[in-house]
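What follows is a set of notes on a single structure, which appears directly below.
The values are calculated or read from the model by the stated rules, or taken from the named source; none is laboratory data. Everything numeric here is computed off the predicted structure, so don't read it as measured data. Don't worry about glycine lacking a Cβ; one is built from the backbone with ideal geometry, like all the others, and counts go over all protein chains shown. Heads up: the accessible areas ignore ligands, DNA and RNA and are worked out on the full protein's heavy atoms, side chains in. Shrake-Rupley method; radii C 1.70, N 1.55, O 1.52, S 1.80 Å.
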Amino acid sequence: MAEPLAGRRVVITGASSGIGSATARALAAAGAQLVLWDIDADGVHALAEALDSPRQRCVALAVDVRSDAEVAEALAQSIAALGGLDGAFNNAGIGAPTVPFEQLDESDFDQIMRVNLKGVWSCMRHQLRHMLAQGAGSIVNNASISGLVGLGGQAAYTASKHAVVGLTKAAAVEAAERGVRVNAICPGAVRTPILQHLEAAGITEDVLASMSPQARIAEPAEIAGAVMWLLSDQSTFATGAAIPVDGGWTAR
Ligand code: NAD
């Protein structure tokens, strides 16, 4: 079968674990050349080594998306390593303690916003500078169903993910006539370490499964297909979309 992303040069943030790691594997299998970013230097280097081959480059960079200077430098290094940039999956994100709205700590609120909102903004602005100049590119942001509906006990996370959807739509409108597409995916519950923040508050896998008409949570690889489609030429008329990949959670 033809590789749908053959030769495409893509950066993935938060690539060493969960959805990012599963997407890296899927994009590599689809023929993409990759630069994997993560704050977890050991994890991201181990994954890149496993995916790198003489035919297909896969490079790792230790990057903290909270730092705009680090992001700018890492993007320049990524473009140099791959000889260009066609796509990006801005996936790095963190969870938050599940607490009533009025008990949320200021430091927890700030931390969530620095990673989930400012980190995505920072990645997007450097990616957009490059893609707008070349008149082509596809950016995919990892939001959440919490970017579409409210999640009780998760005010800061919910706000950060609604903001990611906002960044996506604003950038998509600006970039649409200049050859660049910007979309968001909105996963439901996916089996990754981030769920520990919910489990600690008694929101177990069974509870999460009961929220979805499919009565289950997803495996990380089930999210990768949506990212692959949005990065590929099969989605050329899709921009500014926030697409649920949630087993039907937000359908009822
Ligand atoms: P995960 O914890 O497995 O992966 C998150 C990755 O981001 C980790 O590799 C981590 O090291 C990296 N990271 C964290 N802070 C970083 C920083 N400052 N700079 C660079 N990298 C950083 O969790 P996941 O579930 O795979 O999460 C990936 C994305 O998916 C997140 O944005 C999350 O909000 C979103 N999401 C997850 C779910 C779910 O149920 N798992 C649902 C909807 C959306």
**Asked** Is segment 202-216 home to any residue that is in contact with a helix residue (DSSP H, G or I) (Cβ under 9 Å, 6 or more places away or on another chain) and closer than 22 Å to VAL120 by Cα?
**Response** no
**Item:** Output for segment 208-252, where each listed residue is open to solvent by 60 Å² or more (accessible area, probe 1.4 Å), of a type in the set (A, V, I, L, M, F, W, C) and modelled with pLDDT of 95 or more
**Value:** ALA215, ALA221, TRP229, PHE237, ALA251
**Message:** Tell me the residue from ALA163, ALA172 that is surrounded by 15 or more Cβ atoms within 10 Å (Cβ to Cβ) and touching a helix residue (DSSP H, G or I) at 6+ places or on another chain (Cβ under 7 Å), please.
**Reply:** ALA163
**Complete:** Filtering segment 78-92 down to residues that are touching a Lys or Arg at 6+ places or on another chain (Cβ under 8 Å) and part of a loop (DSSP other than H, G, I, E, B) yields GLY83, GLY84, LEU85, ASP86
**Request:** Return the residue satisfying two criteria in turn: it lies in segment 197-232 and is of a type in the set (Asp, Glu) and touching a residue at least 24 places away in the same chain (Cβ under 8 Å), and of such residues it is farthest from ASP86 (Cα to Cα).
**Result:** GLU219
**Complete:** If we take segment 1-64, then strands (runs of 3 or more DSSP E) inside it with 1 or more residues that are near the ligand (Cβ under 9 Å from one of its atoms) and among the small types (Gly, Ala, Ser) are 58-62
**Prompt:** Of all residues in segment 135-160, which are within 11 Å of the ligand (Cβ to nearest atom), touching a Pro at 6+ places or on another chain (Cβ under 9 Å) and either more than 21 Å from SER212 (Cα to Cα) or open to solvent by 40 Å² or more (accessible area, probe 1.4 Å) (or both)?
**Reply:** LEU148
**Request:** Test PHE89 against the stated conditions and say whether it is open to solvent by 40 Å² or more (accessible area, probe 1.4 Å) and either touching a residue at least 60 places away in the same chain (Cβ under 8 Å) or under 30 Å from GLY152 (Cβ atoms) (or both).
**Result:** no
**Message:** I want to confirm something. Restricting to segment 95-134 and keeping residues that are of a type in the set (Phe, Trp, Tyr) and under 20 Å from ASP68 (Cα atoms), which single residue is surrounded by the fewest Cβ atoms within 10 Å (Cβ to Cβ)?
**Reply:** PHE109
**Asked** Hey, which of the helices (runs of 4 or more DSSP H) in segment 148-252, taking only ones fully inside, have at least 3 residues that are among the hydrophobic types (A, V, I, L, M, F, W, C)?
**Response** 155-175, 205-210, 221-231
**Message:** With the requirement that a residue be open to solvent by 10 Å² or more (accessible area, probe 1.4 Å) and hydroxyl-bearing (Ser, Thr, Tyr), what does segment 7-28 give you?
**Reply:** SER16, SER17, SER21
